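Please read through the structure below; I'll follow up with questions.
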Amino acid sequence: MALFVAAELTLAMAIPFLAIAGYHTLLDSRAGRFVEEPTENEPGWRALVDPTPVTAVVEQEAGITTGIVVLAGHLDDPPGGTVVVVPGTLQIDGVPLAAFAPDDAVAELSRVLRLRIGPVEVVDEDRWPDVLGDTRYLLANPDPVVDDRGRPLLRVGEIEVGAGDAAAFLGRPAPDSDPITLLFRRQLFWSAVVADPPAGRDPLARAIGEISGPSSQVVILPLVDVVPDPELDPVAAEALIREVVPIPSGANPGDRLQVRVIDRTGTIDLEAVAAAVASTGSEVVEIGNAVEFDGGPTHLVVPVGLDDPGISELAMLTGATTVLDNDVDADAVVTLLVGSDYAFGR
């Protein structure tokens, strides 16, 4: 029986390993050097892919972190971006984000989202004037904001919020209310700011302006067990990342399947394919052309020993035949050789 199983495995692996020689022929340009660098329409052209910048804004009031928002730009036409509102009370391994220093809080959020986030911008009573300048926003305040002695700071109803009020508006829940109630007020504020971004030269003001546009939206991070200790809904959060971060990158090695997209036909829209691959949650690290255009079929070349659930999903969505690369020097990146039969999501 053992011999029979061994024979079956040998037959099953025969096609992948037979295909590997052709793969190296298409990609290996180390035998010589280009006198002139090829252009994007010529064989052998390559380009590294930069991940989508994802900025974290740490909101503080009276020296305490009250919340975080994450800013990510879209690739859409018309342009825009997404603001993801995260509660300061979000529990990560039993510890609320508010208990961490700003950089550490963002690092923890980045880790559980498996998403590289940075730079980190901290906004408090001293920073808001630099960000907002004289800009004020007319908002329908849903609940009262009071000071430490219970005296009114901001009333319920239609109010103007500017640099002097922002930290309290974002960070002070109504008396006897759970801090999670701040999510609605924060979503209201950020929706107004993205719709009419401040015109200052502060880095955060510029970042807000870059994600402002017709496709902009402000959403709340998917949560479970919202009261009293909210936790991340990992499945819904990953779905959100795939929707709003065009080219995600993992926070740590191995977080996301790294993919190289190579055209073997000379006719493929590589940016469109890269965007489609990235929408699966994969990290697209490079695009380019094969050393020769042979018009062959779509293959997903996987280094032997690399085990990632994203491999089978990507192969299914691209209609690719999976090919194993047993080169011991291969990097931990899968290569999508895009052929004439490529059709995403078929």
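Within the stretch 261-272, does at least one residue satisfy the condition of being in contact with a helix residue (DSSP H, G or I) (Cβ under 9 Å, 6 or more places away or on another chain), open to solvent by less than 30 Å² (accessible area, probe 1.4 Å) and within 30 Å of Leu132 (Cβ to Cβ)?
Taking every residue of the stretch 261-272 in turn, none turns out to be in contact with a helix residue (DSSP H, G or I) (Cβ under 9 Å, 6 or more places away or on another chain), open to solvent by less than 30 Å² (accessible area, probe 1.4 Å) and within 30 Å of Leu132 (Cβ to Cβ).
Conditions tested, residue by residue: (1) free of Cβ contacts under 8 Å to residues at least 60 places away in the same chain; (2) among the basic types (Lys, Arg).
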{"site": "Glu160", "(1), (2)": "yes, no"}
{"site": "Arg201", "(1), (2)": "yes, yes"}
{"site": "Val218", "(1), (2)": "no, no"}
{"site": "Glu231", "(1), (2)": "no, no"}
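So how many residues does the stretch 101-125 have that are in a loop (DSSP other than H, G, I, E, B) and over 17 Å from the mean Cα position of the chain (by Cα)?
3
So for the stretch 282-302 (the condition being open to solvent by 50 Å² or more (accessible area, probe 1.4 Å), of a type in the set (Gly, Ala, Ser) and either touching a helix residue (DSSP H, G or I) at 6+ places or on another chain (Cβ under 7 Å) or modelled with pLDDT of 90 or more (or both)), does at least one residue qualify?
No, that holds for no residue.
OK, next. What residue, of Ala140, Ala195, Ala166, is among the aliphatic types (A, V, I, L, M), under 26 Å from Pro214 (Cβ atoms) and free of Cβ contacts under 8 Å to residues at least 24 places away in the same chain?
Ala195
Then there's this: Go through (1) more than 25 Å from Pro214 (Cα to Cα); (2) open to solvent by less than 50 Å² (accessible area, probe 1.4 Å); (3) not in a loop (DSSP other than H, G, I, E, B) and name the single condition Ile68 misses.
For Ile68, the exception is condition (1).
Restricting attention to the stretch 308-329, and to residues there that are of a type in the set (D, E, K, R) and within 22 Å of the chain's Cα centre (by Cα), which single residue is surrounded by the most Cβ atoms within 10 Å (Cβ to Cβ)?
Looking at residues that are of a type in the set (D, E, K, R) and within 22 Å of the chain's Cα centre (by Cα), I get Asp308.
Which residues, counting only those in the stretch 78-99, are part of a strand (DSSP E or B) and touching a Leu at 6+ places or on another chain (Cβ under 9 Å)?
Selection gives Gly81, Thr82, Val83, Val84, Val85, Val86, Pro87, Gln91, Ile92, Pro96.
Which one is farthest from Thr265 (Cα to Cα), of the residues in the stretch 284-311 that are assigned to a strand (DSSP E or B) and without any contact (Cβ under 8 Å) to a residue 60 or more places away in the chain?
Pro303
Something else now. Does Val106 fit the bill of being open to solvent by less than 50 Å² (accessible area, probe 1.4 Å), farther than 19 Å from Ala205 by Cβ and of a type in the set (Val, Ile, Thr)?
It is true that Val106 is open to solvent by less than 50 Å² (accessible area, probe 1.4 Å), farther than 19 Å from Ala205 by Cβ and of a type in the set (Val, Ile, Thr).
Are any residues in the stretch 330-341 of a type in the set (Ser, Thr, Tyr) and either crowded, with 21+ Cβ neighbours inside 10 Å or without any contact (Cβ under 8 Å) to a residue 24 or more places away in the chain (or both), and if so, which ones?
Hit for the stretch 330-341 is Thr335, nothing else.
Out of curiosity, is Thr267 among the polar types (S, T, N, Q), part of a loop (DSSP other than H, G, I, E, B) and under 24 Å from the mean Cα position of the chain (by Cα)?
Spelling it out, it is not the case that Thr267 is among the polar types (S, T, N, Q), part of a loop (DSSP other than H, G, I, E, B) and under 24 Å from the mean Cα position of the chain (by Cα).
Leu232 fails exactly one of the following numbered conditions: (1) at pLDDT below 95; (2) open to solvent by less than 40 Å² (accessible area, probe 1.4 Å). What is the number of that condition?
(1)
Now, a different point. Residue check, Pro53 against (1) farther than 29 Å from Val259 by Cα; (2) open to solvent by 50 Å² or more (accessible area, probe 1.4 Å), all met but one. Which one?
Against the list (1) farther than 29 Å from Val259 by Cα; (2) open to solvent by 50 Å² or more (accessible area, probe 1.4 Å), Pro53 comes up short only on (1).
The values are calculated or read from the model by the stated rules, or taken from the named source; none is laboratory data. The structure displayed is predicted, hence computed values, not measured ones. Backbone-built Cβ (ideal geometry, glycine too); neighbour counts: all protein chains shown. Please note that ligands, DNA and RNA were not included when accessible areas were found on the heavy atoms of the full protein model with its side chains. Shrake-Rupley method; radii C 1.70, N 1.55, O 1.52, S 1.80 Å.
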